[in-house]
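Take a look at the structure set out below.
The values are calculated or read from the model by the stated rules, or taken from the named source; none is laboratory data. From a predicted model like this one, the values you see are computed outputs, not experimental measurements. Backbone-built Cβ (ideal geometry, glycine too); neighbour counts: all protein chains shown. Ligands, DNA and RNA are stripped out before the accessible areas are found, and what is left, the full protein with its side chains, is counted by its heavy atoms. Shrake-Rupley method; radii C 1.70, N 1.55, O 1.52, S 1.80 Å.
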Amino acid sequence: MRALWLTDIHLDHLRDAAAFAAFAARVSMGHAPFDGAIVTGDISTAQHLKGHLEALAAAWGRPVWFVLGNHDYYGGGIKQ
């Protein structure tokens, strides 16, 4: 298995869907082929996290596994 690893990507700072698409495309083109992605810490904020993770998986056509960081809880909580 070949995994891509990204950390502290703060997707909530991307200004719009076009910027997100450009990020996803640049990441996938800038690395060797991969079977899945591991994304760790500070991925987004609570209200956008699920959508961002789903969009990454859809853009890459591969599974995305993740570990949350402190920023991923901003605007939410563990129960959410």
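Only DSSP H runs of four or more residues enter the estimate; each adds -39500 (n - 2.57), and after division by the residues of the chain the mean residue ellipticity at 222 nm equals -11500 deg cm²/dmol.
Here the chain was treated as a single set of alpha-carbon atoms; its pair distances binned every 5 Å from 0 give 3, 15, 28, 27, 17, 7, 3, 0 percent.
What does the charge count near Asp8 come to, summing +1 for each Lys or Arg and -1 for each Asp or Glu among other residues with Cβ under 15 Å from its Cβ?
Details: positive: none; negative: Asp12, Asp42, Asp72.
Around Asp8, the charge tally is -3.
Give the accessible surface of the chain per residue, rounded to a whole number of Å², with probe radius 1.4 Å and ligands, DNA and RNA excluded. Don't skip to the answer; put the middle values down first.
Working: 5130 Å² over 80 residues.
On a per-residue basis, the chain sits at 64 Å².
Per residue, the average separation of C-alpha pairs within less than 8 Å and at least 6 apart gives the chain a relative contact order of 36 percent.
Express the carbon and sulfur contribution to the solvent-accessible surface of the chain as a percent, rounded to the nearest whole number, probe 1.4 angstrom. Write down the numbers at each step before the final one.
On the way: 3010 of 5130 Å².
The value for the chain is 59 percent carbon and sulfur by accessible area.
Remark: spin-label model distance Arg15-Met29 equals 2.0 nm, labels positioned 7 Å along the Cα→Cβ axis.
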